[in-house]
1. Quick one: order MET1, MET29 by neighbouring beta-carbon count within 10 Å, fewest to most.
2. Suppose R0 equals 25 Å; then what is the FRET efficiency for MET29 and ILE2 from their Cβ-Cβ distance, rounded to the nearest 0.05?
3. Using θ = phi - 60° and the Karplus curve 6.51 cos²θ - 1.76 cosθ + 1.60, what whole-Hz ³J(HN,Hα) does each residue of the stretch 18-28 get, with Gly and Pro shown as x?
Amino acid sequence: MILKCPRCGKEAESIGNPYRPFCGERCKMLDLGNWITGAYRIPTTSTDEDEDGEPAPPGKDSEKE
Ligand SMILES: [Zn+2]
């Protein structure tokens, strides 16, 4: 199955690809780097400040097979 790398848009084989859905290690690392540097919004549960917020269910990501 061919997936499109969400980082660079390059088509990559997903079967046997440990870096899927990315095309390779580089794109995966770049994506992780974005998480670390805060390029993505990471939902935080500030329960110690405000307790009327809904708890974020784990794995609510839109990632689908
Ligand atoms: Zn890529």
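Just so you know, all these numbers are worked out from the coordinates, no wet-lab data involved. Since this is a predicted model, take the numbers as computed values, not measurements. Cβ coordinates were reconstructed from backbone atoms using ideal geometry, including for glycine residues, and neighbour counts include every protein chain displayed.
1. Numbers: MET1 9, MET29 13.
Ascending number of Cβ neighbours within 10 Å: MET1, MET29.
2. Working: r = 22 Å, r/R0 = 0.86.
For MET29 and ILE2, the calculated efficiency is 0.70.
3. Residue by residue, the stretch 18-28 yields x, 9, 4, x, 8, 6, x, 4, 4, 5, 5 Hz.
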